[in-house]
Structures are given as structure tokens and as C-alpha cells.
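What follows is a set of notes on a single structure, which appears directly below.
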Amino acid sequence: MLKRRPLLLFFPLAFLLSWYPYILGKMHLVRTSGGMNPLGVMVAAVVVAAVCYRAAAVKELLGRYLRWRIGWSNYMFALLLPAVIVTVSATINVLLGERSPPERS
């Protein structure tokens, strides 16, 4: 049945793998504020490919993750833009008089 309808496995698994830090945090099982695991959907896709379609599908899926048809400048833009935004934001914050946050103990 899963081979004909892999989405029946994918969506619950993707939800669980994406939101488990938040759920564990709300149940006070871990000391964290929780949040979303950004790799949950990708791991769910690999698991579903392995369960439903075996090794050949996993190899094809992982190959698609690595085979992008964009230039290196796009990679650099995607990797460096968040760092630039954080640096500019922190600099503006300090220039406007905000103190650095206290050390956590």
C-alpha cells in the first residue's frame, strides 16, 4: 500500500521529524525553547524513498540534491547573504546604543 501511496508515510513523518524539538521542549523533556528542525522534510523524503522504492530511489534522490544547474555566484549569494544581514543588523544595533546581551550561566 505504501508503494502506491507514499505520501501517506511522507507527510506524518515529515511533520514528526520537523517538529520534534518543539514537541520535546513543550513536554519539558529537553531544556530548549524548541523550534523547527529544517532537515526534517529532507530526512523524511530519504526514508520514504528507501522504504517504498529501495536503494535506487535513494541514490537518485541524493543525486538530485547535489546536481543543481546554477552558477557559483548564486551559491555564494545564498551562503553569504544571511551572514551579511546579521552583521549589518548587529552593527546598526550597536551604533544605536544597544549593549551586548549578558553572558548566560
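The values are calculated or read from the model by the stated rules, or taken from the named source; none is laboratory data. This is a predicted model, so every value here is computed, not measured. Positions of Cβ are generated from backbone atoms using ideal geometry, with glycine treated the same way; all protein chains shown enter the neighbour counts.
Considering (1) in contact (Cβ under 8 Å) with a residue 24 or more places away in the chain; (2) touching a helix residue (DSSP H, G or I) at 6+ places or on another chain (Cβ under 6 Å), the lone condition that G35 does not fulfil carries the number (1).
For the criterion of being out of contact with any strand residue (DSSP E or B) (no Cβ under 6 Å at 6 or more places or on another chain) and surrounded by 11 or more Cβ atoms within 10 Å (Cβ to Cβ), L66 fails.
In the set A83, A45, A50, only one residue is modelled with pLDDT of 90 or more and in contact with a helix residue (DSSP H, G or I) (Cβ under 6 Å, 6 or more places away or on another chain); that residue is A50. T32 falls short on exactly one of the conditions (1) part of a helix (DSSP H, G or I); (2) in contact with a Leu (Cβ under 8 Å, 6 or more places away or on another chain); (3) of a type in the set (S, T, N, Q), and that condition is (1).
May I ask you to verify whether A45 is without any contact (Cβ under 8 Å) to a residue 12 or more places away in the chain and under 26 Å from F10 (Cβ atoms)? Can you show your working first?
Values: without any contact (Cβ under 8 Å) to a residue 12 or more places away in the chain: no; under 26 Å from F10 (Cβ atoms): yes.
Considered against the rule, which asks whether it is without any contact (Cβ under 8 Å) to a residue 12 or more places away in the chain and under 26 Å from F10 (Cβ atoms), A45 comes out as no.
Candidates in the range 28-41 are the residues that are over 24 Å from L9 (Cβ atoms) and out of contact with any Phe, Trp or Tyr (no Cβ under 8 Å at 6 or more places or on another chain); of these, the one that is modelled with the lowest pLDDT is S33. Number of residues in the range 11-27 that are out of contact with any Ser or Thr (no Cβ under 9 Å at 6 or more places or on another chain) and either under 18 Å from V41 (Cβ atoms) or at pLDDT 90 or above (or both) equals 11. Checked against (1) surrounded by 10 or more Cβ atoms within 10 Å (Cβ to Cβ); (2) over 20 Å from the mean Cα position of the chain (by Cα); (3) under 30 Å from V43 (Cβ atoms), V94 passes all but condition (3).
Among the residues of the range 57-84, what is the count of those that are among the charged types (D, E, K, R) and in a helix (DSSP H, G or I)? It would help to see each step written out before you state the result.
Step one: filter the range 57-84 for residues among the charged types (D, E, K, R), giving 59-60, 64, 67, 69.
Subsequent filtering for residues that are in a helix (DSSP H, G or I) retains 59-60, 64.
Residues meeting the conditions: 3.
Here L66 does not qualify as under 29 Å from P21 (Cβ atoms), out of contact with any Leu (no Cβ under 8 Å at 6 or more places or on another chain) and modelled with pLDDT of 85 or more.
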